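Peer 1: The following block contains the structure, expressed as C-alpha cells.
Nothing in this text is a laboratory measurement; each read-out follows from the coordinates by a stated rule. Everything numeric in this text was worked out from a predicted model, so none of it was measured. Please note: Cβ atoms are built from the backbone with ideal geometry, for glycine as well, and neighbour counts cover all protein chains shown.
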Amino acid sequence: MRKTFLLFLTLFIFISSNPAYAGSFKKSTVVMGTDLEMNLVAEDETAVNAAFDKVVAEMNRIENVMSEWREGTKVSEINRNAGIKPVEVTEELFNLISASIQVSELTEGAFDISWASMRGVWSFAKGSERLPTAEEIKERLPLVNYKNIELDNEKKTVYLKTKGMAIGLGAIAKGYAVDKAAQILFNSGVRNFVIKAGGDMRVQGAQENGKPWPIGIRHPRDREKFIAKLHLTNISISTSGDYERFFIRDGVLYHHIMDPKTGYPARGSQSVTIIAHDTMTSDAFSTAIFVLGPEKGLKLISKLKGIEAVIVDDTGKISGSSGVDIRTK
Ligand code: ADP
Ligand code: MG
C-alpha cells in the first residue's frame, strides 16, 4: 500500500509540470448501495467513459463477493457455515478479513467485523427500524468477538467458531473498493480525479487548474455546512457519522456504528474523519475511531504513522490529531 502511495506521488509531480488536460468530467451512479461520484480531469470523454464502466463493473464484482446481505456471496457462505465448517475464500477476501482483524487488534476490539452477529436484532433500514430489548442484546453480544474468527493462512479458509456468529464488511469493503477503482482509473491513464463512494474518498493528482482538490468535511448536524475545508492530493479521506443511518426512539438517537463492548450504538462522537494513505485504512479507522471516542481515538492515532483524524465529539467540539491544524476563524 505504501509503495502505491509513493508511486502516485512521483507521478503527480510529473503530471503537474506537464498540464495537458482537455477538460473536467463528472460521473455518478449508485454502487454498493451508495452514491458513487467522480470528478475527473482527462484528455477526452471516451477514455473517461471507458474507465468509468470498468470502475462500476469492479465495484459490483466486489459487492458480489463481500456483501453479507446478498445470498450467494462468499461472506454469506462464511456466515451460513458458522460453527459448522471453514470456508475456502479467495486471496482477496482472505486479505481483507485479515486486515479487519488487524484493525480489531489495534483498537482492542472497537472495530469488529463480527458486529454482524447482532444483525436482525438491530435494524436501521428505513421503514423497518428496530430497537432490540436488553435481553436480546445480552443474548447476542457474546457472539461478537473477532477472536473467534479463525483464519488458515495455508488453506485460505475462514471459520467462524460459534454457531449464530456472522461477519459484515460494511465498515471496510467500500474503502477497499474505492482503492481498486482508483487503481483502475490510474491504469486507464486518468490520473487526476476525486472518487467518492458515500463517506469514502480518494483524491488523486490535481484539478484542471493544477491546484489540489478542495475537500469539505460536512457538519454532522447541518448538511449544508462544512466544519473544515482541506486541499488535498494523493490521499484518502473517510468519514463515519451518526447521521448516516439512524432512528430516534423516545428522543434517543440510535445509529449504525456499534460498540462491540455494549451491543449499542457507540457514544462519544458525532463524526470522525480519517485521512490515510489508502481508502481501506481510512474507511476502517473512521469506524474504529468513532467507536473508541475522541480521547482514546486521538491517543491511538498519535501512535500510528500516516493517519490523521478530525473528530466531532458528542457536544459538537472539534478536535484533530497532531498533523491537523485546527483554527477557528
Ligand atoms: P458508512 O457505511 O456510512 O460508510 P462506516 O464506514 O462507518 O459507515 O461503517 C458503518 C458500517 O460498519 C455499519 O453500517 C455496519 O455495517 C458496520 N459496523 C458497525 N459497527 C461496527 C464495528 N464496531 N466494527 C466494524 N464494523 C462495524
Ligand atoms: Mg468505515
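Peer 1: How large is the convex hull of the Cα atoms of the chain per residue, expressed in Å³ as a whole number?
Peer 2: 142
Peer 1: Follow-up question, since we're still on this one. Could you give each residue of region 58-68 its phi-based ³J(HN,Hα) in whole Hz, using Karplus coefficients 6.51, -1.76, 1.60 with θ = phi - 60°, and x for Gly or Pro?
Peer 2: 5, 5, 5, 4, 4, 4, 5, 9, 9, 5, 8
Peer 1: Can you tell which of ILE301, VAL324, ALA288 lies farthest toward the positive end of the dipole of region 286-327, using +1 and -1 charges on the Cβ of basic and acidic side chains (Lys, Arg; Asp, Glu)?
Peer 2: Result: ILE301.
Peer 1: A follow-up question, please. Could you tell me the extents of region 222-282's C-alpha atoms along the three principal axes, largest first, rounded to whole Å?
Peer 2: If we take the Cα atoms of region 222-282, the spans are 43, 29, 16 Å.
Peer 1: Sticking with this structure for a sec: Using θ = phi - 60° and the Karplus relation 6.51 cos²θ - 1.76 cosθ + 1.60, list the HN-Hα couplings for region 215-228 in order, rounded to whole Hz, with x at every Gly or Pro.
Peer 2: Couplings: 10, x, 9, 5, 5, x, 10, 8, 4, 7, 9, 10, 8, 7 Hz.
Peer 1: Using modelled amide H (1.01 Å from N, peptide plane; none on Pro or chain starts), what sits under 5 Å from the amide H of TYR264, excluding residues fewer than 5 places away?
Peer 2: Answer set, sorted by chain and number: ASP259.
Peer 1: Region 34-177: D in µm²/s via Stokes-Einstein (Kirkwood Rh, Cα pairs, 4 °C, 1.567 mPa s)?
Peer 2: Reported coefficient: 77 µm²/s.
Peer 1: Would you compute, for the Cα atoms of region 171-230, the largest minus smallest coordinate along each principal axis and list the three values in descending order, in whole Å?
Peer 2: Here the Cα extents, ordered largest to smallest, are 38, 33, 12 Å.
Peer 1: Net charge near SER238: determine it from the other residues with C-beta under 14 Å of the C-beta of SER238, scoring Lys and Arg +1 and Asp and Glu -1.
Peer 2: It works out to a net charge of -2.
Peer 1: What's the magnitude of the charge dipole for region 34-97 around its Cα centre, counting Lys and Arg as +1 and Asp and Glu as -1 at the beta-carbon? Answer in Debye, nearest 20.
Peer 2: Numbers: 6 positive and 14 negative charges, 109 e Å.
The calculated dipole for region 34-97 is roughly 520 debye.
Peer 1: Please give the contour-minus-distance gain from LYS225 to THR29: 0.36 nm per residue of separation, less the Cα-Cα distance, rounded to one decimal in nm.
Peer 2: Stretched out fully, the LYS225 to THR29 stretch lengthens by 68.2 nm.
Peer 1: Continuing with the same structure: Between 0 and 90 degrees, rounded to the nearest ten: what's the tilt of helix 173-187 against the longest Cα principal axis of the chain?
Peer 2: Computed tilt is about 20 degrees.
Peer 1: Further question: Quick check: Cα centre of region 281-328 to Cα centre of region 46-82, how many Å?
Peer 2: 30
Peer 1: Still on this structure, please answer the following. Too long at a 19 Å Cα-Cα cut-off: which of LYS27/LYS180; LYS54/LYS174; LYS147/LYS303; LYS174/LYS196?
Peer 2: Flagged as over cut-off: LYS147/LYS303.
Peer 1: List the residues, sorted by chain then number, that are 5 or more residues from ARG245 or on another chain and whose placed amide H is less than 5 Å from its amide H.
Peer 2: Correct list: HIS256.
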